[in-house]
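Student: Here it is: the structure, laid out below.
The values are calculated or read from the model by the stated rules, or taken from the named source; none is laboratory data. Being a predicted model, the structure only gives us computed values, none of them experimental. All Cβ positions, even for glycine, are placed from backbone atoms using ideal geometry, and neighbour counts span all protein chains on display. Heads up: the accessible areas ignore ligands, DNA and RNA and are worked out on the full protein's heavy atoms, side chains in. Shrake-Rupley method; radii C 1.70, N 1.55, O 1.52, S 1.80 Å.
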Amino acid sequence: MSLRDHGLTPRLKPLSTRKSATLSVLDIGTSKIVCLVAELRPVTNGEALRGRTHLARVIGIGHQRSLGLKGGAVVDLEAAETSIRQAIHAAERMAKVEIQSVIVNLTGGRLASHHFEANVPVRAGMVSAADVHRVLETASAHTLRPGRAVLHALPTGFSLDSQRNVVDPAGMIGENLGVDLHVVTAEAAASRNLMLAVERSHLGVEAVVATPYASALSALVDDEADMGCAVIDMGAGTTSAAIFTSGHLVHTDAVAVGGHHVTMDIARGLTTRVSAAERLKALYGAAISSPSDERDMVAVPQVEDDDEREVAHHIPKAQLVRIIRPRIEEILELMRDRLKNAGFAAQAGRRVVLTGGASQLVGLPEVARRILQGQVRIGRPLGIKGLPEAARGPAFSAAVGLLVYPQVAHVEHFEPRRTGFLAGPPGDGYLPRLGRWIRDSF
């Protein structure tokens, strides 16, 4: 099946740079689900961050513990639907609006990148819009492995005869026009089940965005994408990466290991409840040791077998750090090796932005500098108004990035051809389409 025949993920209509809009987004993670409702107001030059056309002000927020997800993918449809409904209702009450459709993110489903090239002759000597469309259509004719759904298709550069790295070839003179197209895909089943969980909550899905791309859209400052950088989003169930070069997203990847695995290591290592392990990680956890760790004592609640009474068992903080550090090192080494094997380690420009909830662990930037061999900073959502203080940290980068995405969606070429009963206009849910398919077929 060719790239342009994939019809699983809807395409977002470009946002008018002259109109205000109210937008709803849904960050569906392994540990939390966040719904944001925001008003987007057009801006004049210099008023917003570079690359953004609107200023976003959050008017509603719903934050809910995630159920029914593992490694960023839906494993219990009913539980996931319940969590989504609760987050949606909280945001609706606060914003005093009824949410009809949302932009969602996807982390699970083995995110992957594919690069395609295409060349076409320039028909009139001067490159026209039709020539640009033809070369993009030619690149879209490449085939993908069955079972993959296209999330993004981003032109990363044009060439004109021997001249490479052309930003916009329209109006230029030449004989042969080429394009490099970066396509981000995920497993079709993972994207389909994520959309189904949302649609069962009576919501339309406007677009599905790769989580590391969303996080990068909100956390990167002006020139980081141009100079080259890696954004590593450390979530509860997955750690994902987005590589930028010359302002373009050039690679994505994800591994199904994250902050929840650190929590489970603590729970097993100290024989305590998972909830207690999460609290210990948040209050006392660190990825590096300090001289006082052997002296500082930490109370670990433990359950007595006979009557399920909880008793506090005291351990030195150093013991907690010794449990946490190997897992953090494993996650960072895994991501380093995957980027190196994909050939994108050098293109990250030795600049790394860590974001996501698990990136808040004390000492993590220091460990990342040693393992990833570069400048490291923690990325937080930028250029957004109305967020409560508790939602201004790296855990909310992906949610805010979903508000930025409509402002950059116009650069994507891919427009799915609606095929099969899974495809339909935004707001046209899976179950109604399934009913129509059954009626038509039988």
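Student: Here are Ile331, Ile288: which of them is within 24 Å of Ile232 (Cβ to Cβ), under 25 Å from the mean Cα position of the chain (by Cα), in contact (Cβ under 8 Å) with a residue 60 or more places away in the chain and not in a strand (DSSP E or B)?
Tutor: Numbers: Ile288 fails: under 25 Å from the mean Cα position of the chain (by Cα).
Being within 24 Å of Ile232 (Cβ to Cβ), under 25 Å from the mean Cα position of the chain (by Cα), in contact (Cβ under 8 Å) with a residue 60 or more places away in the chain and not in a strand (DSSP E or B) holds for just one of Ile331, Ile288, which is Ile331.
Student: Let me ask you something else. Looking only at region 239-266, which residues are part of a loop (DSSP other than H, G, I, E, B) and out of contact with any helix residue (DSSP H, G or I) (no Cβ under 8 Å at 6 or more places or on another chain)?
Tutor: Applying the first criterion (part of a loop (DSSP other than H, G, I, E, B)) to region 239-266 yields 246-247, 256-258.
Ala256, the sole residue that qualifies.
Student: Taking the residues in region 183-194 that are outside any helix (DSSP H, G or I) and open to solvent by less than 10 Å² (accessible area, probe 1.4 Å) as candidates, determine which candidate is farthest from Met126 (Cα to Cα).
Tutor: Filtering first and then ranking leaves Ala186.
Yes/no per residue for (1) more than 21 Å from Gln360 (Cα to Cα); (2) in a strand (DSSP E or B); (3) under 17 Å from the mean Cα position of the chain (by Cα); (4) β-branched (Val, Ile, Thr):
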| position | (1), (2), (3), (4) |
| --- | --- |
| Leu181 | yes, yes, no, no |
| Leu196 | yes, no, no, no |
| Pro212 | no, no, yes, no |
| Leu217 | no, no, yes, no |
| Val231 | no, yes, yes, yes |
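Student: Just wondering, is there one or more residues in region 33-41 that are open to solvent by 20 Å² or more (accessible area, probe 1.4 Å) and either part of a loop (DSSP other than H, G, I, E, B) or closer than 21 Å to Met264 by Cα (or both)? Before you say what the answer is, go through the steps one by one.
Tutor: First pass over region 33-41, keeping only residues open to solvent by 20 Å² or more (accessible area, probe 1.4 Å): 39, 41.
Checking which are either part of a loop (DSSP other than H, G, I, E, B) or closer than 21 Å to Met264 by Cα (or both) leaves us with none.
Checked region 33-41: no residue is open to solvent by 20 Å² or more (accessible area, probe 1.4 Å) and either part of a loop (DSSP other than H, G, I, E, B) or closer than 21 Å to Met264 by Cα (or both).
Student: Considering (1) closer than 30 Å to Val179 by Cα; (2) assigned to a strand (DSSP E or B); (3) over 22 Å from the mean Cα position of the chain (by Cα), say which one Ile103 fails and leave the rest.
Tutor: With respect to (1) closer than 30 Å to Val179 by Cα; (2) assigned to a strand (DSSP E or B); (3) over 22 Å from the mean Cα position of the chain (by Cα), Ile103 is out only on (3).
Student: Let me ask something additional. Filter region 166-179 for residues that are in a strand (DSSP E or B) and among the aliphatic types (A, V, I, L, M) and give the result. Walk me through how you get there before you give the answer.
Tutor: Initial filter on region 166-179 (in a strand (DSSP E or B)): 166, 173, 176-179.
Those that are in a strand (DSSP E or B) and among the aliphatic types (A, V, I, L, M): Val166, Ile173, Leu177, Val179.
Student: Under 7 Å between Cβ atoms, at least 6 apart or on separate chains: pull out the pairs that start in region 201-227 with a residue that is under 11 Å from Gly51 (Cβ atoms) and without any contact (Cβ under 8 Å) to a residue 60 or more places away in the chain and end on any residue that is of a type in the set (Ser, Thr, Tyr) and surrounded by fewer than 24 Cβ atoms within 10 Å (Cβ to Cβ).
Tutor: Final answer for the pair search is Asp226/Ser246.
Student: Something else about it: Quick check on my filter: what residues within region 254-277 are under 30 Å from Ala409 (Cα atoms) and surrounded by fewer than 22 Cβ atoms within 10 Å (Cβ to Cβ)?
Tutor: The answer is Val255, Ala256, Val257.
Student: When the residues of region 44-72 are filtered to those that are among the aliphatic types (A, V, I, L, M), open to solvent by 30 Å² or more (accessible area, probe 1.4 Å) and in a loop (DSSP other than H, G, I, E, B), which remaining residue is farthest from Ala395 (Cα to Cα)?
Tutor: Leu49
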